[in-house]
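Visitor: Have a look at the structure that comes next, please.
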Amino acid sequence: MSTRGTARSAGPSYQSVIAEDPTPPPASLRVEQFDWPGDTRVDRRRYTSREFAALEAEHLWPKVWQMACRLEHLPEVGSFVTYEVADVGLIVVRTGADTIKAFHNSCLHRGTTLAEGEGRVGVFRCPFHAWSWNLDGTLRTIPAEWDFGHVDPASMALPEAAVALWGGFVFVNPDPQAEPFEHYSAPLAEHFAEHPLDDRYLFAHAGRIIEANWKATLEAFLETYHVAATHPHTVRFANDNESQTDTLGPNLTRMLEATGVPISALIGKVSDREIAEKAQRVLPRRYQQPVPDDVRARTFLAERMREGLSELWAVDLSGLSEAELLDTDQYHLFPNFFPWLGVYLPIAYRFRPWGDDPQRSLMEIMVLHPKPTDGRPYETASFQLLQADESWSTARGLEQLGMVFDQDTDNLVRVQRGLRFGRRDEVTLGDYLEIRIRHYHHRLDRQLGLS
């Protein structure tokens, strides 16, 4: 049996931290599951070559489950959004009160796209020659039908992709042989059973073009190894090398990082009072309080979060544990979707190639606030696209978090350039701290037939 990946930092483990919390965490956060995937070879050229991007276009995107939109993007019958990645283009549409369908966005006459962006329609009408289809995908009209006697209308329904709903998200899979989403994503539903993302709404939604391959961009969010170097303002209250990494299933991994515990190098060198003073600044000033000398940082911070966020969001967070209120509890569903479980950072990510350029990608951030329980109105945020030279902080709803994301994504331009400049064929990965990247590429190899 391999011992690879069994070494651990000398600091307190995530499980030992949450075991001291006054409020017991949910059972899902007490799970530890680590499986060594094998010493997968990660060739640097898979981030730079058009040949590898072509493999993904053929064997990845047309054959896996991927998040297309939120249900709130489809509020009424006829509401639609288009979803595109590589050579996959779909129209995701509400066809009934409880029915969502996804059609390939291509006219069956001469291939013109039937829809662009998002909106609401009664029929899908080709702008070129006016062929049209009903919302359920059945053929509606053929202009000059007398010239198409050889066409059987019953065989001209728009081809469909599989659709699944989870957590208020709509997932699609273009593969006619797609395995059920519940099986593909397991144990995602089990872990989020007490934290339904259906009860959230889209408070902010922004995307930024990144001058780096989509995998290099995604991998920056698969590990905490970068925290000390990339996010120096967090070193006194966000742990790094003691984070817990879990490989929960073939398509699902997780990272658990404690807040209120400093980085490994500062453990024992900063007091809980210093930690609490620094960390509570994420809240509006009116919720910050003087920190006693004998405080336990996590207990103090959890109380501030319970009080502040309950009032800000008009929800009752009194029953949540310290872990749910404070910690990074980020999941990754292969290939490109990242939901977060707790409330400290109520976000989700999605990553895609930008067009057919392997050197560019689109990263999206969704901020998902709990729906207010006091009847106050809330509004679904519209999508804001940022160019490569724009700061995340300029996006609506990301004014404070944007600085942290800039620190992450500003590195990636240098990552991509360095991958092109390199003369060593492979990148070098840690055995535990970067196990999610190893697991990811192992899974990608199987998908592309490279195992």
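Bear in mind these aren't lab numbers, they're just calculated from the coordinates by the rules spelled out. All of these numbers come straight from a predicted model, not from anything done at the bench. Counting neighbours? That spans all protein chains shown, and the Cβs are built from the backbone with ideal geometry, glycine included.
Visitor: Just to be sure I understand: if I project the alpha-carbon convex hull of the range 66-177 onto a plane and average over all orientations, what area do I get in nm²? List each step's numbers first, then the result.
Guide: Details: hull surface 29.0 nm².
Computed as one quarter of the Cα hull surface, the answer is 7.3 nm².
Visitor: Then there's this: Pulled fully out, how much extra length does the chain show between residue 393 and residue 229, if you take 0.36 nm times their separation in residues and subtract their Cα-Cα distance?
Guide: 57.0 nm
Visitor: Looking at the calculated P(r) for the range 262-344, what percent of the C-alpha pair distances fall above 21 Å?
Guide: Summing the P(r) tail past 21 Å for the range 262-344 gives 37 percent.
Visitor: Could you work out the mean projected area of the convex hull around the alpha carbons of the range 1-155, in square nanometres to one decimal?
Guide: Details: hull surface 67.8 nm².
The Cα convex hull of the range 1-155, projected and averaged over all directions, gives 16.9 nm².
Visitor: Just from its helices, what would the mean residue ellipticity at 222 nm be for the chain, if runs of 4 or more DSSP H residues each count -39500 (n - 2.57) and the sum is divided by every residue, rounded to the nearest 500 deg cm²/dmol?
Guide: -6000 deg cm²/dmol
Visitor: Let me ask something additional. In the chain, what is the count of Lys pairs whose alpha carbons are under 30 Å apart, counting only pairs at least 8 residues apart or on separate chains?
Guide: The number of close lysine pairs in the chain is 6.
Visitor: Efficiency by 1/(1 + (r/R0)^6): what FRET value for residue 403 and residue 134, r their Cβ-Cβ distance, R0 = 35 Å, to the nearest 0.05?
Guide: Given R0 = 35 Å and the Cβ-Cβ separation, E is 0.15.
Visitor: A follow-up question, please. Given a Förster distance of 41 Å, report the FRET efficiency between residue 286 and residue 421 from their Cβ-Cβ distance, rounded to the nearest 0.05.
Guide: Between residue 286 and residue 421 the formula returns 0.25.
Visitor: Report Rg(Cα)/(2.2 N^0.38 Å) for the range 200-273, keeping two decimals. Write down the numbers at each step before the final one.
Guide: Values: Rg = 15.3 Å, N = 74, 2.2 N^0.38 = 11.3 Å.
Dividing the Cα Rg of the range 200-273 by 2.2 N^0.38 Å gives 1.35.
Visitor: Sorted from largest down, what three extents in whole angstroms do the Cα atoms of the chain have along their principal axes?
Guide: Principal extents (Cα only, largest first): 86, 58, 42 Å.
Visitor: Okay, next question. Give me the number: length gained by fully extending residue 307 to residue 428, i.e. 0.36 nm times residue separation minus the C-alpha to C-alpha distance, one decimal in nm.
Guide: 39.2 nm
Visitor: Using label points projected 7 Å from each Cα along Cα→Cβ, tell me how many nm separate residue 379 and residue 6, to one decimal.
Guide: 5.7 nm
Visitor: Between residue 147 and residue 448, what is the FRET efficiency for a Förster distance of 41 Å, r being their Cβ-Cβ separation, to the nearest 0.05? Let's see the in-between values first.
Guide: Working: r = 44 Å, r/R0 = 1.06.
Computed FRET efficiency for residue 147 and residue 448: 0.40.
Visitor: Something else about it: Grab the Cα-Cα distance for residue 31 and residue 356, subtract it from 0.36 nm times how many residues apart they are, and report the gain in nm with one decimal.
Guide: Going from the current span to full extension adds 113.1 nm.
Visitor: While we're looking at this one, here's another question. On a C-alpha basis, how far is the centre of the range 1-60 from the centre of the range 401-439 in Å? Whole number, if you could?
Guide: The range 1-60 and the range 401-439 have Cα centres spaced 15 Å from each other.
Visitor: Continuing with this model, one more query. Output the relative contact order of the chain, whole-number percent, from Cα pairs under 8 angstrom with separation of 6+ residues.
Guide: 21 percent
Visitor: In nm², what is the average projected area of the convex hull enclosing the Cα atoms of the range 331-391? Please list the in-between numbers first.
Guide: Numbers: hull surface 24.0 nm².
With the hull built on Cα positions only, its mean projection is 6.0 nm².
Visitor: Could you rank the peptides 123-134, 412-423 by their average count of other C-beta atoms within 10 Å per residue, with the highest value first?
Guide: Output ranking for 123-134, 412-423: 123-134, 412-423.
Visitor: Between the alpha-carbon centers of the range 285-350 and the range 86-101, tell me the distance in whole angstrom.
Guide: Rounded to whole Å, the Cα centres lie 34 Å apart.
Visitor: Turning to a different aspect of this structure: Please order 363, 403 by the number of other Cβ within 10 Å, starting at the fewest.
Guide: 403, 363
Visitor: May I ask for the distance between the Cα centers of the range 115-133 and the range 254-274, given as a whole number of Å?
Guide: Computed from Cα coordinates, the inter-centre distance equals 54 Å.
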